[in-house]
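Quick note: the coordinates plus some simple rules give every number you see, no bench work behind them. Quantities reported herein were computed from a predicted structural model and do not represent experimental measurements. Cβ coordinates were reconstructed from backbone atoms using ideal geometry, including for glycine residues, and neighbour counts include every protein chain displayed.
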Amino acid sequence: MKTKLKLILSLIILPILLIGQNREIENKYFKIRKEIKEAKIKSISEFSSMHSFGEKDACSEVDKWNSNIYHFDKIGNLSKVENFGFKDSIPRKIIKYVYDKNGHYIEKSYIFLDSIGNIKTKQDWEFKYDKTGLKIKETLISDDKTILVTNHLKYDKKGNMVEQFRDNRHKWVFKYDDLNRVKEHYEWSKRNDTLVCLKSIKFNYSNNQLVSEISTSPKDSKDIWEEKKFVYASNRKLKTELKTKVSWVSRNNEPTEKEFKDYQTTFEYNDLNLLKRKYLYRKGLEKPYRCFSYKYEFQKK
């Protein structure tokens, strides 16, 4: 019974975790496909390591551990993502994309592998479109045809996605400015069969660059939960990200209080102005507690 319960939970939780991570990957690389094409990048290898308490420089072993390899086609589309536990190991999972002539992906699949590279499970997305070609429904299906996740999508007149509703339990709402940039984002979830707004995020821009991202209570915009500020170099490359995050703590049976923690991420670039390393610091720690390293492979001429 316990084994069966664990399997059911893994089928539910793992796709949700993957979707969140996958959306982030897509947003990151789909926005810069033009730059990927111009730089003729074939793949980007991303390595990361973490030492939470700052006793050791996280960058000292960064090239050995958890890594992702992002593969691109010749026009800059993200075609495959491989996730590894450590360097030179067999991938644990693979995400694959197939695109139409307009650069929209029409097929997407997740492949999970065992320790010797055999396929354990495979999950495929099925898509439904409206008459204008906008994707209005996404369904994630396991290899035994079990429906794992269903997303319903809505758009404004400009084709911007304004709502994503998942499994009738979670909802994301987006609002845009006149330049079609996301200016507000709201997250909803069901509580006792009622949809409740859990978080509000506002985005601020200057000189056509994102300069701050503020997460607050949906009931009080002055009740800030997380604030990010972005600093750019003269060449418009992101140089520093400053983050203040709130946590709620209770000590000695006293009322819960807010505790603020400050973080800083610095970005280092190579001679081609491509991201080389990313260092994550926490206030009070001298050494970075997390480090990312990037290596590039280029298309053959």
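A few notes on this one:
- Per-residue Cβ neighbour counts within 10 Å put E35, E286 in the sequence E286, E35, beginning with the fewest.
- Between T266 and E26, residue separation times 0.36 nm minus the direct Cα-Cα distance comes to 84.2 nm.
- T132-V98 FRET efficiency (beta carbon distance; Förster radius 25 Å; 0.05 resolution): 0.75
- Cysteine residues of the chain whose Cβ has no partner cysteine Cβ closer than 4.7 Å: C197.
- Cβ-placed point charges (K, R +1; D, E -1), dipole of region 211-301 about Cα centre in debye, nearest 20: 580 debye
- Tensor-based shape of region 127-211 (alpha-carbon gyration tensor, a/c under 1.5 rounded, otherwise prolate or oblate): oblate
- The distance separating the Cα centre of region 82-126 from that of region 215-238 comes to 33 Å.
- The slack in the chain from R181 to V162, taken as 0.36 nm per residue of separation less the alpha-carbon distance, amounts to 5.7 nm.
- Selected from S43, S234, S247 as most flexible by GNM, with the chain as the system and alpha-carbon contacts under 10 Å: S234
- Using the Cβ-Cβ distance between I119 and W248 with R0 set to 41 Å, the FRET efficiency from 1/(1 + (r/R0)^6) comes to roughly 0.45.
- The slack in the chain from L274 to T194, taken as 0.36 nm per residue of separation less the alpha-carbon distance, amounts to 24.2 nm.
- Dipole of region 89-170, positive direction: furthest Cα of I90, G117, I106, with charges on the beta-carbon: I106
- Recomputing percent of Cα pairs over 31 Å apart from the coordinates shown identifies the correct label among (i) 44; (ii) 40; (iii) 32 as (ii).
- Label-to-label distance for V231 and S217 is 3.1 nm, based on points extended 7 Å past Cα in the beta-carbon direction.
- Karplus-derived 3J(HN,Hα), 6.51/-1.76/1.60, for each residue of region 218-231, Hz, glycine and proline x: x, 8, 8, 5, 7, 8, 7, 9, 7, 10, 10, 10, 10, 10
- Charge tally in the Cβ shell below 14 Å around Y269, where Lys, Arg are +1 and Asp, Glu are -1, Y269 excluded: +4
- Among 69-77, 108-116, the order from most to least packed when residues are scored by Cβ within 10 Å on average: 69-77, 108-116
- Selected from S67, S49, S247, residue furthest toward positive end of dipole (the chain; charges at beta carbon): S67
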